[in-house]
Amino acid sequence: MTERKKTVSAAVLFLILGVFGVLKSADYSLGQLSEIGPGYFPMLISSLLIAVAMIMLLRK
Amino acid sequence: MELLANLAQGFDTAFTLTNLGYCLLGVLIGTAVGVLPGFGPLPAMSVLLPFTFHLGDPVTGMIFMAGIYYGTQYGGSTTSILLKLPGEISSMVTVIDGYEMTRQGRGGAALAIAALASFFAGTVATLLIAMIGAPLADLAFLFGPAEYTSLLVLGLIGSVSLSNGAFLPGVAMVLMGMLLATVGTDLNSGVERFVFDVPDLMDGINFGIMAMGMIGLAELLYTLIHEPNHRVQVPRLRELYPNREETRRSIMPTLRGTAIGSILGLLPGGGAVLSSFASYAVEKKVSKHPQQFGKGAVEGVAGPESANNAGAQTSFVPMLSLGLPVNPVQAILLAVLVINNITPGPQVISSNGTLFWGLIASMWIGNLFLVMLNLPLVGIWTSLLKVPKKLLYPMIIVGCVIGAYSLRNNWFDVCLLIPFTLVGYVFKRLGIEVAPMAMGFVVGSLFEENFKRTMILSQGSWSVFLERPVSLGLLSLTVLVILAGIWMKTKKPQIGNTDDK
């Protein structure tokens with residue numbers, strides 16, 4: 001596998017997990033920042049994961 | 001002096017028969033693991049992690065694991081020098097001049113220098129830990145949740161940035177680890193996150209399972225599929241002692257290496273690997289005859305060998321005093337604490353004094369064991385390489401299954417090994433380091449906790465991270481470390497696919 005293909009495969013995996021995370025986190029109440037609910041943190045992490053995956057895909 | 005009193009207490013703890021025994025066992029296993037290429041301290045510690053749960057006393061567990069870790073540093077040098085086979089990445093540098101020395105018939109001398117340099121570094125590093133551990137923890141009491149969160153960000157990003165793999169995938173792995181840590185019942189709200197009505201998941205995923213599967217078994221699987229055969233020829237050693245000149249030339253490199261390793265070991269991403277590489281570069285630069293490097297310059301062995309030992313040991317400091325793991329190995333040690341119901345953080349030293357000082361004392365004892373054992377037993381270690389994989393690997397697999405089951409007497413956990421192994425394998429194939437995921441996992445709940453508290457205290461304001469000076473400082477350091485990592489990666493080529501530090 002070429003480097004590019006490896007990066008893309010990995011990015012896709014991250015993307016899928018991230019999207020899954022965001023969708024599932026929405027089921028748990030997010031709450032507000034001053035009173036964070038159980039869904040907030042997973043949502044945050046999942047969104048960051050999606051962001052990283054996108055950067056990996058769009059670079060080069 | 002209080003330090004002496006503490007050390008005395010530490011030696012008291014370390015000298016019990018149990019702890020001595022496990023120290024010895026740990027360093028023996030560590031040396032063996034170090035000798036065997038491919039399988040490093042991280043997989044070995046992961047596989048043995050559940051075992052520490054059953055040892056009763058957390059000190060014993062820590063002593064054992066720590067022994068394995070710095071034991072691998074000694075073991076890795078042996079094969080690097082004799083067989084041009086670096087057992088660990090941190091020993092890769094030792095191959096360069098160490099093997100040349102062997103070819104010139106000075107292999108025994110190289111081994112002796114490596115062992116002695118390592119012992120010196122280990123002793124100094126142990127003293128350092130003793131001296132700065134407690135004051136550092138005191139400093140940390142000044143930390144609030146915001147500072148702690150920023151510290152964790154620095155730790156996580158730093159370790160990814162200065163590690164072997166590419167930056168972005170590494171960050172993604174950390175994030176994935178943190179996400180996995182949220183699986184289970186949320187302690188604050190009672191909500192079950194990502195549980196999918198599987199009752200066995202309600203308490204979350206056990207770190208040991210993830211570590212054994214993703215790090216240990218995946219490594220095994222990968223080697224089985226891609227590197228099945230590895231025959232090694234073991235050379236004969238003519239003599240085991242360095243001559244006067246070699247000894248003289250090794251003094252300064254050992255001192256420098258110890259200093260370099262001691263400092264670099266404290267940094268996120270630091271530890272044995274970074275230290276040994278840095279030391280080699282420094283030695284080459286300051287040498288009066290740099291052209292000898294690569295042709296058997298003993299400085300190229302003494303420096304990196306002391307550096308990697310110093311680095312391996314001082315990397316314990318942030319973990320023990322702040323609860324901050326600077327590399328994946330430290331993350332596993334943190335997990336040992338957590339498994340034994342000790343919350344890592346600055347209070348560990350004050351509330352678990354026997355643990356801290358006992359561990360420090362035993363580190364020195366371990367180094368002593370190693371320097372005494374390595375040289376006479378060289379023949380045994382190298383013949384370890386002749387053990388066929390088809391004997392060794394099934395043993396490891398069985399060990400993992402037993403370990404996994406022993407955690408909760410639950411088959412689900414054992415079955416969970418399989419998906420983790422596959423995931424670990426897939427990522428290895430994609431050339432991505434899996435260790436950061438373990439780090440993210442271990443730190444995940446701590447991070448979430450501190451983040452929540454910060455937000456509650458600041459009433460939802462994000463700017464608090466930048467307003468508080470310590471936090472701002474830590475975050476700025478993070479940016480610096482990211483830049484340093486980028487710069488480093490453009491200079492240094494990728495070095496294989498192992499994740500131990």
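The values are calculated or read from the model by the stated rules, or taken from the named source; none is laboratory data. Values in this document were obtained by computation on a predicted structure and should not be read as measured data. Virtual Cβ from ideal backbone geometry, glycine too; neighbours counted across all protein chains shown.
For the range B:363-372, state whether one or more residues are hydrophobic (A, V, I, L, M, F, W, C), in contact (Cβ under 8 Å) with a residue 40 or more places away in the chain and under 21 Å from B:Ala331 (Cα atoms).
yes
Among the numbered conditions (1) part of a helix (DSSP H, G or I); (2) surrounded by fewer than 17 Cβ atoms within 10 Å (Cβ to Cβ); (3) out of contact with any strand residue (DSSP E or B) (no Cβ under 9 Å at 6 or more places or on another chain), tell me where B:Ile456 comes up short.
(3)
Can you tell me which residue in the range B:259-311 is nearest to B:Ile482 (Cα to Cα), limited to those that are among the polar types (S, T, N, Q) and crowded, with 24+ Cβ neighbours inside 10 Å?
Ranking the qualifying residues of the range B:259-311, first place goes to B:Ser275.
Among what's in the range B:103-138 and is over 16 Å from B:Leu82 (Cβ atoms) and polar (S, T, N, Q), pick the residue that is surrounded by the fewest Cβ atoms within 10 Å (Cβ to Cβ).
Only one residue tops the list, namely B:Thr123.
Where in the range B:8-127 are there helices (runs of 4 or more DSSP H), lying wholly inside it, with at least 2 residues that are closer than 15 Å to B:Trp364 by Cβ, more than 20 Å from the chain's Cα centre (by Cα) and not acidic (Asp, Glu)?
So the answer is B:17-35.
Can you tell me how many residues within the range A:39-60 are facing chain B (nearest Cβ under 9 Å) and basic (Lys, Arg)?
Going through the range A:39-60 one residue at a time, the tally reaches 1.
Yes or no: B:Leu151 closer than 23 Å to B:Phe447 by Cβ, at pLDDT below 85 and either acidic (Asp, Glu) or not in a helix (DSSP H, G or I) (or both)?
Against the criterion (closer than 23 Å to B:Phe447 by Cβ, at pLDDT below 85 and either acidic (Asp, Glu) or not in a helix (DSSP H, G or I) (or both)), B:Leu151 does not qualify.
If you go through the range A:24-38 one residue at a time, do you hit one that is closer than 21 Å to B:Ile432 by Cα, facing chain B (nearest Cβ under 8 Å), surrounded by 15 or more Cβ atoms within 10 Å (Cβ to Cβ) and out of contact with any strand residue (DSSP E or B) (no Cβ under 8 Å at 6 or more places or on another chain)?
Looking for residues that are closer than 21 Å to B:Ile432 by Cα, facing chain B (nearest Cβ under 8 Å), surrounded by 15 or more Cβ atoms within 10 Å (Cβ to Cβ) and out of contact with any strand residue (DSSP E or B) (no Cβ under 8 Å at 6 or more places or on another chain), one finds none in the range A:24-38, hence no.
Filter the range B:158-211 down to residues that are within 12 Å of another protein chain (Cβ to nearest Cβ) and either β-branched (Val, Ile, Thr) or in a helix (DSSP H, G or I) (or both), then give me how many there are.
First pass over the range B:158-211, keeping only residues within 12 Å of another protein chain (Cβ to nearest Cβ): B:160, B:165-196.
Subset that is either β-branched (Val, Ile, Thr) or in a helix (DSSP H, G or I) (or both): B:160, B:167-183, B:185, B:191, B:195.
Here the count works out to 21.
Taking the range B:444-481, which residues are more than 12 Å from chain A (Cβ to nearest Cβ), of a type in the set (Ser, Thr, Tyr) and out of contact with any Gly (no Cβ under 9 Å at 6 or more places or on another chain)?
B:Ser476
Among (1) crowded, with 20+ Cβ neighbours inside 10 Å; (2) closer than 16 Å to B:Gly76 by Cα, where does B:Ser383 come up short?
(1)
State the number of residues belonging to the range B:135-194 that are touching a Lys or Arg at 6+ places or on another chain (Cβ under 9 Å), of a type outside the set (S, T, N, Q) and over 29 Å from B:Phe277 (Cβ atoms).
Qualifying residue count for the region: 10.
Could you tell me whether B:Pro419 is assigned to a helix (DSSP H, G or I), surrounded by fewer than 16 Cβ atoms within 10 Å (Cβ to Cβ) and touching a residue at least 40 places away in the same chain (Cβ under 8 Å)?
Answer is yes for this residue.
Whether any residue in the range A:4-21 is buried (at least 21 other Cβ atoms within 10 Å of the Cβ), farther than 30 Å from B:Arg453 by Cβ and facing chain B (nearest Cβ under 7 Å) is what I want to check.
Yes.
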